[in-house]
Each structure stands twice: as structure tokens, then as C-alpha cells.
Amino acid sequence: MHFMLLFSRQGKLRLQKWFIAIEEREKMKIIREMTQSVLARQPKTCNFMDWKDLKIVYKRYASLYICCGMEDQDNELLTIEIMHRYIELLDKYFGNVCELDIIFNFEKAYFILDEFLIGGEVQETSKLSVSKCIEESDLMQE
Amino acid sequence: MPAPIRLRELIRTIRTARTQAEEREMIQKECAAIRSSFREEDNTYRCRNVAKLLYMHMLGYPAHFGQLECLKLIASQKFTDKRIGYLGAMLLLDERQDVHLLMTNCIKNDLNHSTQFVQGLALCTLGCMGSSEMCRDLAGEVEKQLKTSNSYLRKKAALSAVHVIRKVPELMEMFLPATKNLLNEKNHGVLHTSVVLLTEMCERSPDMLAHFRKNEKLVPQLVRILKNLIMSGYSPEHDVSGISDPFLQVRILRLLRILGRNDDDSSEAMNDILAQVATNTETSKNVGNAILYETVLTIMDIKSESGLRVLAINILGRFLLNNDKNIRYVALTSLLKTVQTDHNAVQRHRSTIVDCLKDLDVSIKRRAMELSFALVNGNNIRGMMKELLYFLDSCDPEFKADCASGVFHAAEKYAPSKRWHIDTIMRVLTTAGSYVRDDAVPNLIQLITNSVEMHGYTVQRLYKALIDDISQQPLIQVSSWCIGEYGDLLVSGKCEEEEPIQVTEDEVLDVLEGILVSNLSSTVTRGYSLTAIMKLSTRFASAVNRIKKIVLVYGSSIDVELQQRAVEYNALFKKYDHMRPALLERMPVMEKTSTNGPTEIVQTNGETEPSILETKHMPSVPQPTNQANDLLDLLGGNDVMPVIQTAPPTKLVSAGGELLDLLGDLSLSGGVPAPGPPVSISQPPFLLDGLASQPLFNDVAAGIPPMIAYNKNGLKIDFAFERSNTNPNIAVITMQASNSTEAEMTEFVFQAAVPKTFQLQLLSPSSNIVPALNAGTVTQIIKVLNPQKQQLRMRVKLTYTHKGSSLQDLAEVNNFPPQSWQ
């Protein structure tokens, strides 16, 4: 995975995770292009797009879009499961998560993501495990 | 100083802003407060401030002044600080920042921290964005963590190792010992990340791959784990819609693919499990299909037995009929990958694939189109083409160019008959004409020329298309060219293939003239049209006067391209009318060559005939001879012999040969004192090979020093040298003429001649006015071929008008630097 972006239906960025080293300017360009392309997609189309040499997998959850840039050998259908798992983790943590939760607690969203993915790869496949880790880390906060 | 406002407070405030300007103001105010807080080295609130900064960064505002603060947070003892610090580092401190490396020490310390969560933070940060240097420094620590018994840390260490290997592949060896027991773990997190690590190692290094196959017996281990996953009962912790840990299953399948590729033993060992997964996986949800997808990819890529392959293709066939668009898309993608190797199997699903062309989804349509073209063969060409042409009619513009190219390509390979081929081309030109690629026009022209018996039919159909619509440039170009060549067939009222139309010569000329004057026509198209009109002067007996008039008018066209053509055609009428029929004769059947270069260029004062229509070999019009005479004057009567052009035997066909002979005759009649040899004409084909599409200059500058070739009366000619990158025997000289007097030099013409063993090509000058007082230069490119590596000498002739009087000078250039001709 090269990147994962979360943005609203108005195109406002809510989370950006980059797994490749590129310049800030380049990142902004990609974000702009992703938001434009994904928001322009028709409702009943498939969740995949081709962009440069990457496969873009995106999914809409209520007012939020999740968008991932995958390499050629990555499994697109599994990426949908990965994105879904992340939303489930957020849901478990916040209890019926909505966009506002992610806006006001963006740092927590990042912490959860960091317990789920490292370097673009899944580190833990058990939902329970990830949730437990987050809870324990939270308890450690002073 | 009051406590800085809380993060949530700030977010709430900023969200109340109604305009961008209001938001910017709030942000600036807060940034100023944060900056002063940072300056005061306030430890208590640093965390809060950096968090706020990160929020503002996400909104798109600069946050670089917080970079060092992140470092301070990481170094702090408090867990909260570290958490935000590392987050800030990951967002703000990528490897391009100078302070990135300062993190290394902190990370090293934290990797050995007593609390696993701190260690986890460090591993995570390293694994997400560590630079190569950092990876080198810390690889040892990561390796240590890979051997720990704490599964929480072990899984993170595995992925950090993956990142280290990606950044610094040489360090791969280091992690090998630690991988020995990774797959014996029960913990799924560790299992998953271990499989990822092993995949990375096997992908990058064939040695590793061989090692894992033979020594570690990886395949049986993986098969065992996969089997357990499928056979074991419900495990709530890892269950997704009834399937046990799909993430792990997919990664194992992917690793098996790499292990089984090109290896019979490994492939055999995994046959059973693959068959089991393929048949037993639930397909009602996306999860199951994700696993099936990966299984199919693996089956197709390893040396599986044929039964298994058929099973895989059938799964893909079922996918194609699935309601879920994602599944259909994935099926088309996979089929595209396998169509080369399992062509027949994929052919069975052709009708479904063709149906996908009608899908509403753009991504699916594109895949279906690509796959359809891959499936076209001699047997199904007619049916497929019907579908593809229908698709071309109705598809989005973004597809049209690719589709048109694909149609042309397929038609060329599998056309059942010439007539069908021509009809297909016509259909494409009329429906998607404006999207056809530029290179299609010459290819089509060649095709039409070579279908000799279809000329009458072709020109008739093209003419009819022209009457309807003159907006699509490629169509008009091809049509004009055809009418020019075969206009006589058009008006003859005879046609074998279909009902002949009755059209008069004047009507044809009306249409062509219409194209000339239309605003819709591009310059290139106008050029085609004008030349076609000219060719008709020999084919239409009664229209010569009308054609003469048209040509005369365009002699003063603003467009230089048209003007040049018209002037030359005019000259043809005036002085060389006896040659006109021979010159404008029908084009012979052309061989298809691989060069894209322009046709043979006839030497004058450097103007080349960039005729786009005559794709391969000969120009249809010579240059007027007055310039030719000048050259002879230039060369005659001294020991610098003119270059003799011998007609290159194989490529040129008879008409070309005649052309050269004719020019030879011309030069003789020009009254030259020197004996016989014809005028120096330019380039043999080999100099042209690929030149048009190549950049003229090498990046590798040959280091040849420039020189002043001529410097008199205020006119200075500089030569700069480079070697052509297509042929090292060619020196490319850039001539620059500058004028230091106070009056400009107009009608500047630069001519050159070289000794017998050389060959010279002069390209068009940038202009023919040399501005006064060195305000600018006239640039012209000269190419000199020197296969015998003799000393280069050149005679130049300069003519120009200066202060009202016309001047002329001859000079010999002998001071070429040795590197330019050695």
C-alpha cells in the first residue's frame, strides 16, 4: 500500500497516511487528484480505478470516503476487507463512529491505524487484539 | 501566560469559521500563540500544542516549525508525549527533512524501553518512514526484537524488517536466522507478518527463494497452516463472515504463488490445498471471493496440472456473471493476465466478455475492451469487429483513440478480405475520425495504395464520406490523398464493388477547394488538399486552368507551408510542364519500412520538403532549379567536387529514379563549365533513418570546440558541433549568423558544399533576417556525413540584402577542429 486517505464528501481531508517517501508538494497533488477522481465516480460503479501505475481502491461509508493506493500485485478485493476492518475498529472504539468522531479525535484514529497497519501491511488480523492494545495504551496516558 | 487552548476547543472554533479567510485568520492567531509557547520551552503544554499543529497541518497549513518540538516530545518520558511526538514525526518528519536523522537515537532508546507500548511506537515509526540511514543503524535492534517471545513486539518487528529490506536490500541476509521459527507461532498477528516478511525476501532474492524452498521446506509448512485455517471450526477472534482469517489465507496463497512459480515440486505439493480452497470457499460475500481471486492467480501462475487450471478459468467465468461489479472487474483483469497462456480457455468466455463492453462502469468497459482485442483471431474477426465497432460508436471519448488503434491493428492482422478491411477503416474514420492517432493516416494510405484492385471502390466511398462531413481531420487527409491519386477512377463512372456514382471533375474540385478554404481544416489537411488538387491536374483533362488558378492564389497564402507548396507547383506549371505528368504519376506499391523519417530531401537553399503525405520515399515535386544553379556555381570550377548522389537501389522505385535523372538533366542544362556530374543532391536514406523522430543532439556532448567560420563586413558565422546520436559518422553543425552592423540583413541565404567523399544535409533556417547589432541570430542545422573520416572542408556562399543593396560572398572554411571530422 502506498497511501491511505480519508476524506469527506466535500473533499476535506480527515486522515492521511503515507507509506512511501515523497515530497509534501507531491502529496498535496495526489490528495487533490484522488479527491477529485473518487468524488467524480458514479454511484453504482465498481470500487476500483487505475491511476498511473497504481490501483486505487475506494469505498464510501456514509459521509466519508476511504481511498487506498495499491501496487499491482496487491489483491483489490482484500483491500476492501482491510478498509472495512479499519472502519470496524473505529466503530468499536468510538461506539457507532461517525465523521465527527474522526474529526475531533483524529489522533486516536491514527493510533488505531498504527495498531492495525505498519508500512502498509496488516500487522494484526484479530479485531479483539487490536482493540485491547488501544485500550491498554490509552490507560497508560497520563 | 494563560494555558493554551485545548485541542478539541481549537477544532470546534476553527469549524465555526464561515469563510476561508476567517479560518486562515484563526489559524494564524493560534500558530503565533503556539510559536511563542514553543519559544518558552514549555514542557507541560508542548504535547497539546503539537497536537493542534498537526490538526492545522491536516487542513493544509504549514507546520514545519513544529518539527523539532516533535523530537523533544519523543525524548520525553511521558507516554502521552511520546505518542503525539511519534505521530508528529510520522506526519511531519519524512526522510527529506534535515532533522529526520535526529530521531535515530530516540528510537534506539525506545526500542529497548521497558514498556512494550513504547517499544511498539518506536518499531511502528521505523517501519513506516525510516530512511535508509536510519534503517542501517537500527537493523540490529529490529533483528533482536524479531527473536523476542513477546508476540506484540514480534509482529511489529517483522514488518519493520520488511521496511528495512525495502530500503536497504543488502541487509536481507541479516534477518535470515530469525525467520527460522517464525511460522511455528500460534499468534495470527505474528504468522501474518512473518508471511509478509518471507514474501518480501523471496520476491527480492532468487537465492533466498531457493533456500526457503529446499532447506526450510516452506511449502509444506504453509500448506499445513492453510489447511488448519480452513478445517478448524469457528474461531470468533479471526472470523470474517464465516471465513477464518481471510487476511492470512490470502497472504499464504500469495507466498505459495511465488514458491511454486517455475518449480514443479513445489507446485505439486500445493495442488491439493489449492483445489480444496477453490472448491470449498464460500462465495456469497466479498471475503470469500477475495480468497478465490488470490487462489486463481496462484493456480495460473504456478505449474499446476491442467484440471486445476480449468477449475481456475471456470471460477473466473463464474465471476464474470456475478452481479457484483467488483468481482466482474477483477475477473476481467485476471483473464487479461492469462489470455496469452490459456488462450483457448479464455475464448470460451468470449461472449460474456463482449457483453461487458456494454456495461455502464468505465473501469469494466476498459478492461473488457483490452481483453476483447486480445481475443480477436482469424475465426472470430467478423463478429468481434461488429461488436467493437458498435462499442467505438457509443463509448466515451477517452476510449476512442485506443479503440480505434486497436481496431486498425486487429483489422490489419486478421482481415478476411481487402474490401472488408477498407470498409472497416471507413467505418472507424467516419465515426471516430477525430480521435484516430496521427500515425494511422500514413499507415492507412499505405494500405490503400497496396490494395490495388480496390482503388476505385475506396476512392468512391471516401468521396461520399467527404461530402457528408469535413470536420474529421484524419478522414479528410486520407480522402484528399486518395482523390488526388485516384480521381480519374472517381469520375470514370465505373466501380466494381458497388454502384458507381456519377460525379464530374468540377464537383470533385469543388469538394477539395471547400476543404482548402474551410475553417475546420488544419494546416496539415490543407496541405494534403492542395497537393491532391495539383495531382488532379494530370488526371482531369478539362480542369487544368482551374487548378492553375487555385495554385496561383495560394502562392501568396499566409501559411508558409501552403505558400511553399503553391509556389513550387506554380513553377511546375510554368517551367516544367513537360515533366508534370511523370512527377505526378500514381504512387507505386510501397514496402512497409520501419523508419519514420521524412522522405528524401532535395537540396536547395536548405528548405526541406516536409511532405507528410509521401510517407516513405519520394517527393512528388522537385525544387526549382535556379537555386540548383547557384550551387553549381558554388562548386564548379575548382577542386571541391560536388557530391554525387547515386540513387539508392532497393528502396526507391522507378519514379524516384526518373526524378533524379531529371534533376541531373537540369543541372547540365544550366550551363555549368564543370563536366557532367549531376548536382549535389542530399541525403541517402541512411542518414534519414530515424532522424526525424530522434532529437538532433546528443546529451553526450562530443566536446568539439566551436569555431568561427566566416567573419566579414559585420556578418559573423559561428559553427557549433555535436555528434548525431544515431550515427557517429555524422557531425551536426549548428550555424549561427549574427550581424554587428546597424542595419539588418534581409533575405539572408546560407548555402554550403562539401568535397566528394562527404555528404551534406542542410535543414531549414530559423529565418532569413539577421537582426542588426547582434540583437539575434539566424540558426540553421547542417549535417555532415563523413564515413571516410577525411579532413572536413566546406565552401559557403552567403547572399543577403543590406542597406538596400544585394550582396553575395563566397568563402572557404578550412579551420574545422580535428574532432569534428575524426
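Any lysines with Cα under 23 Å of the B:K574 Cα? List them, leaving off those in the same chain fewer than 8 positions away.
B:K535, B:K548, B:K549
Ranking request for peptides B:348-355, B:160-167: highest mean number of other beta-carbon atoms within 10 Å first, then the rest in descending order.
Highest to lowest by the protection proxy: B:160-167, B:348-355.
Any idea what % of Cα-Cα pairs in region B:16-93 are farther than 14 Å?
58 percent
Is region B:235-384 best put as rounded, prolate or oblate by its Cα gyration tensor, with a ≥ b ≥ c the root eigenvalues, rounded for a/c under 1.5, and otherwise prolate when a/b is larger than b/c, oblate when not?
oblate
Within a 10 angstrom radius of each residue's Cβ in B:8-19, how many Cβ atoms of other chains show up on average? Whole number is fine.
Whole-number average of other-chain Cβ neighbours for B:8-19 is 1.
Using alpha carbons only, how many angstrom separate the centre of region B:765-822 from the centre of region B:170-213?
Spelled out, the Cα-based centre of one part sits 68 Å from the other.
Report the FRET efficiency, 1/(1 + (r/R0)^6), for A:L39 and B:T504, where r is their Cβ-Cβ distance and R0 is 56 Å, rounded to 0.05.
In this case the efficiency is close to 0.45.
Which is farthest toward the positive dipole end of chain B among B:N184, B:V407, B:S522, measuring Cα position about the Cα centre, with Cβ charges +1 (Lys, Arg) and -1 (Asp, Glu)?
About the Cα centre, the residue reaching furthest to the positive side is B:N184.
Mind pulling up the Rg/Rh value for chain B? Radius of gyration and Kirkwood radius, both on Cα.
In chain B, Rg relative to Rh is 1.10.
Return the distance in nm (one decimal) between the two label points of a simple spin-label model at B:E203 and B:S132, each offset 7 Å from Cα along Cα→Cβ.
With each label point 7 Å from Cα toward Cβ, the separation is 2.0 nm.
Tell me, how many Å apart are the Cα centres for region B:373-392 and for region B:464-519?
Between the Cα centre of region B:373-392 and that of region B:464-519, the gap is 29 Å.
When a footprinting reagent is the concern and you count Cβ atoms within 10 Å, what order do B:V407, B:V219 take, fewest first?
B:V219, B:V407
What dipole magnitude, in Debye to the nearest 20, does region A:21-126 give about its Cα centre under +1 on Lys/Arg Cβ and -1 on Asp/Glu Cβ?
Using Cβ point charges on Lys, Arg, Asp and Glu, region A:21-126 gives about 560 debye.
Hey, what did region B:422-546 get for relative contact order, percent, Cα under 8 Å, at least 6 apart?
26 percent
Cα gyration tensor of region B:239-283, axes a ≥ b ≥ c as square roots of the eigenvalues: rounded (a/c below 1.5), prolate (a/b > b/c) or oblate?
It comes out oblate by the Cα gyration axes.
Given the rule -39500 (n - 2.57) for each run of at least 4 DSSP H residues, summed and divided by the residues of chain B, what is its mean residue ellipticity at 222 nm, to the nearest 500 deg cm²/dmol?
After summing the helix terms and dividing by residue count, I get -17500 deg cm²/dmol.
Using the number of other C-beta atoms within 10 angstrom as an exposure proxy, rank A:C46, B:C403 with the fewest first.
Arranged by neighbour count, lowest to highest, A:C46, B:C403 become A:C46, B:C403.
Convert 37 °C to kelvin, take the viscosity as 0.692 mPa s, use the Kirkwood radius over C-alpha pairs of region B:375-505 as Rh, and evaluate the Stokes-Einstein diffusion coefficient in µm²/s, rounded to a whole number.
For the chosen part, D equals 219 µm²/s.
Going by C-beta contacts inside 10 Å, put B:M56, B:M745 in order with the fewest on the left.
B:M56, B:M745
Pairs of Cα atoms under 8 Å, at least six residues apart: use those to get the relative contact order of region B:52-115, whole percent.
Value for region B:52-115: 26 percent.
Order of B:171-182, B:86-97 by packing, highest average Cβ count within 10 Å first?
Answer by packing, highest mean first, reads B:86-97, B:171-182.
For the charge dipole of chain B, defined by +1 on Lys and Arg C-beta atoms and -1 on Asp and Glu C-beta atoms about the Cα centroid, which residue among B:V362, B:F247, B:S764 has the Cα displaced farthest towards the positive pole?
Projecting each Cα onto the dipole axis, the largest value belongs to B:F247.
How well do other chains shield peptide B:756-763, expressed as the mean number of their Cβ atoms within 10 Å of each residue Cβ?
That average works out to 0.
Quick check: the distance between the Cα centres of region B:85-112 and region B:30-59, to the nearest angstrom?
If we compute the Cα centre of each part, the gap is 18 Å.
When the distances between all Cα atoms of the protein assembly as shown are binned every 20 Å from zero, what whole-number percent does each bin get?
11, 29, 27, 25, 7, 0
Measuring from label point to label point, each 7 Å out along Cα→Cβ, what is the A:I22 to B:I769 span in nm?
Reported label-point gap for A:I22 and B:I769 is 4.8 nm.
Which peptide among B:566-579, A:109-122 comes first, and what is the full order, when sorted by highest mean count of other Cβ atoms within 10 Å?
A:109-122, B:566-579
Set Lys and Arg Cβ to +1 and Asp and Glu Cβ to -1, take the dipole of chain B about its Cα centre, and tell me which of B:T295, B:L332, B:I704 lies farthest positive.
About the Cα centre, the residue reaching furthest to the positive side is B:T295.
Roughly how big is chain B's charge dipole about its Cα centre, with Cβ charges of +1 (Lys, Arg) and -1 (Asp, Glu), in debye to the nearest 20?
The calculated dipole for chain B is roughly 2720 debye.
In terms of Cα to Cα distance under 16 Å, which lysines are near enough to B:K494, apart from those fewer than 8 places away along the same chain?
B:K464
State, as an integer percentage, the relative contact order of chain A based on alpha-carbon contacts under 8 Å between residues 6 or more apart.
With pairs under 8 Å counted, the relative contact order is 22 percent.
How big is the dipole moment of region B:1-117 about its Cα centre under a simple scheme where the beta carbon of each Lys and Arg is +1, that of each Asp and Glu is -1, and everything else is neutral? Debye, nearest 20, please.
Computed about the Cα centre, the dipole is about 360 debye.
Which of rounded, prolate or oblate describes region B:1-160 when judged by the alpha-carbon gyration tensor and an a/c cut-off of 1.5?
It comes out prolate by the Cα gyration axes.
Would you mind checking the pairs A:K92/A:K132; B:K756/B:K789; A:K27/B:K72; A:K27/B:K365; A:K132/B:K285; A:K127/B:K155 and listing those with alpha carbons more than 20 angstrom apart?
Violating the 20 Å limit, Cα to Cα: A:K27/B:K72; A:K27/B:K365; A:K132/B:K285.
Read-outs throughout are calculated quantities, based only on the coordinates presented, and are distinct from any laboratory measurement. Note that this is a predicted model, so its numbers are computed, not measured. Using ideal geometry, Cβ is built from the backbone for each residue, glycine included, and neighbour counts are taken over all protein chains shown.
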